[in-house]
Amino acid sequence: MKKVKSVSEIRRLITESKKAGKTIGFVPTMGGLHAGHISLLKRARELSEFVVASIFVNPVQFGPGEDFSEYPRDEDGDCRILEENGCDLVFLPDASEIFSDSRKIGISIDRLTDHLCGSSRPGHFEGVLLIVAKLFNIVAPEMAFFGQKDAQQAVIIQRMAAELDFPVKIVICPTVREEDGLAMSSRNLYLSRQDRISAAGMITGLREAFAAAGKGERDPSVLKALIEERMKASGFEPDYIEIVRAGSLDPVDRIEGTVLMAAAGYLSSTRLIDNIAFRAAGKRVEEVLLEFPDWSRHGK
Ligand code: PAF
């Protein structure tokens, strides 16, 4: 696996691979790699011929008082994981390689950031869109891989790619979970022993609400109350619990079609998020992976 720090060098290597006829699959990360990232790498390996990852703790997606300085950084450990899991090239830029005056440039997206993490982390998704757009321009991948745990991020990136005509297919991969259901996250490392036990309460609440939907409950406020009750009983201070339309991320007033049921909450000072996406048709409910069938308005 090649390790590259400069934009000019990665561009040279990507051009070489493209000339050799290889399709580029891209896994952008902030490091702190875990089994969720490994599943993205494996999917990238299956679907593309040259796998590129990036590790960059993006300062502009962290708000004041958030965990930018504590965010787990272990370049050597992360590179080992990448190499063992089929990565061909890793981009490890310093902040000065990425941001100069371009920090004054912004990309924002209407309405998709009004709910869920968008309302509790002002500026976060603008920071994500800026770095992802820059990385897409640098790496020029045919496909980019994101986890469903960060469902709002995936939806927003897909919309940006479609609206700004990036010729990239956004591929969503299922959330990878610990045995007790806790979604893998770099932030799980912050949890104390007690909080780690409590942390499964979020997915338990989501699953209880999904089970209630399976028994015919179609009122979002009833499902949200079930999630809230379970989260609070487990020791969470809920940040939000929302049920939104999967594509528009607008709140729904009745469960039907494909919805995203998402929660965020604090255990001590650690903020965790999780979700279940499901389709409700008549009496049936079925858990689904978010999909973007019309990923490009212009085809490929
Ligand atoms: O999901 C993440 O790790 C980050 O938000 C991303 C997409 C790498 C952008 O910094």
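Would you work out which of Pro251, Ala277, Tyr240 lies farthest towards the positive end of the dipole of the stretch 226-291? Charges go on Cβ: Lys and Arg +1, Asp and Glu -1.
Among Pro251, Ala277, Tyr240, the one farthest towards the positive end of the dipole of the stretch 226-291 is Ala277.
Is the stretch 207-254 rounded, prolate or oblate when judged by the Cα gyration tensor, a ≥ b ≥ c being the square roots of its eigenvalues, rounded requiring a/c under 1.5 and prolate requiring a/b larger than b/c? Write down the numbers at each step before the final one.
On the way: a/c = 2.45, a/b = 1.30, b/c = 1.89.
Oblate is the answer for the stretch 207-254, as a/c is 1.5 or above yet b/c matches or exceeds a/b.
Angle between the Cα long axis of helix 75-84 and the longest principal axis of the chain, 0 to 90 degrees, nearest 10?
The angle comes out at about 90 degrees.
With axes computed from alpha carbons, what is the tilt in degrees of helix 201-214 against the longest principal axis of the chain, rounded to the nearest 10 within 0 to 90?
60 degrees
Let's see if you can work this out: charge +1 on each Lys and Arg Cβ, -1 on each Asp and Glu Cβ, no other charges. What is the dipole magnitude of the stretch 1-78 about its Cα centre, in debye to the nearest 20? Present the calculation step by step, with values, prior to reporting the outcome.
Numbers: 12 positive and 11 negative charges, 132 e Å.
So the magnitude is around 640 debye.
Within the chain, what percent of beta bridges assigned by DSSP are antiparallel, to the nearest 5? The partial results should precede the final answer.
Values: 25 of 44 bridges.
Counting DSSP beta bridges with both partners in the chain, the antiparallel share is about 55 percent.
Could you state the angle between the C-alpha long axis of helix 124-139 and the longest principal axis of the C-alpha atoms of the chain, as a value from 0 to 90 degrees rounded to the nearest 10?
With both axes taken from Cα atoms, the answer is about 30 degrees.
So what's the back-of-envelope 222 nm ellipticity for the chain, counting only DSSP H runs of four-plus at -39500 (n - 2.57) apiece and dividing by all residues, rounded to 500? Walk me through the intermediate numbers first.
Values: 10 runs with 108 residues, N = 300.
Calculated at 222 nm, the ellipticity per residue is -11000 deg cm²/dmol.
Determine how many Å³ per residue the convex hull of the Cα atoms of the chain encloses.
Working: hull volume 39.6 nm³, N = 300.
Taking only Cα atoms, the chain has a hull volume of 132 Å³ per residue.
Between Ala262, Gly123, Leu135, whose Cα lies farthest towards the positive end of the dipole of the chain when Lys and Arg beta carbons carry +1 and Asp and Glu beta carbons carry -1, centred on the Cα centre?
Leu135
Just how large is the dipole of the stretch 1-149 about the Cα centre, in debye to the nearest 20, putting +1 at every Lys and Arg Cβ and -1 at every Asp and Glu Cβ? Each step should come with its number before you reach the end.
Numbers: 19 positive and 21 negative charges, 95 e Å.
Here the size comes out at about 460 debye.
Using the Cα centre of the chain as the reference point, and only Cβ charges (+1 on K/R, -1 on D/E), how large is the resulting charge dipole? Debye, rounded to the nearest 20.
Details: 39 positive and 44 negative charges, 134 e Å.
The dipole of the chain has a size of about 640 debye.
Using the structure shown, list the pairs from Lys2/Lys134; Lys42/Lys232; Lys18/Lys149; Lys2/Lys22 with a Cα-Cα distance above 26 Å, or answer none.
Numbers: Lys2/Lys134 20 Å; Lys42/Lys232 36 Å; Lys18/Lys149 31 Å; Lys2/Lys22 16 Å.
In this structure, Lys42/Lys232; Lys18/Lys149 lie more than 26 Å apart at Cα.
Read the figures in this text as sums done on the coordinates, not as results from a lab. Just so it is clear, the structure is predicted and the values come from calculations on it, not from any experiment. No Cβ is skipped: glycine too gets one built from the backbone with ideal geometry, and neighbour counts run over all protein chains shown.
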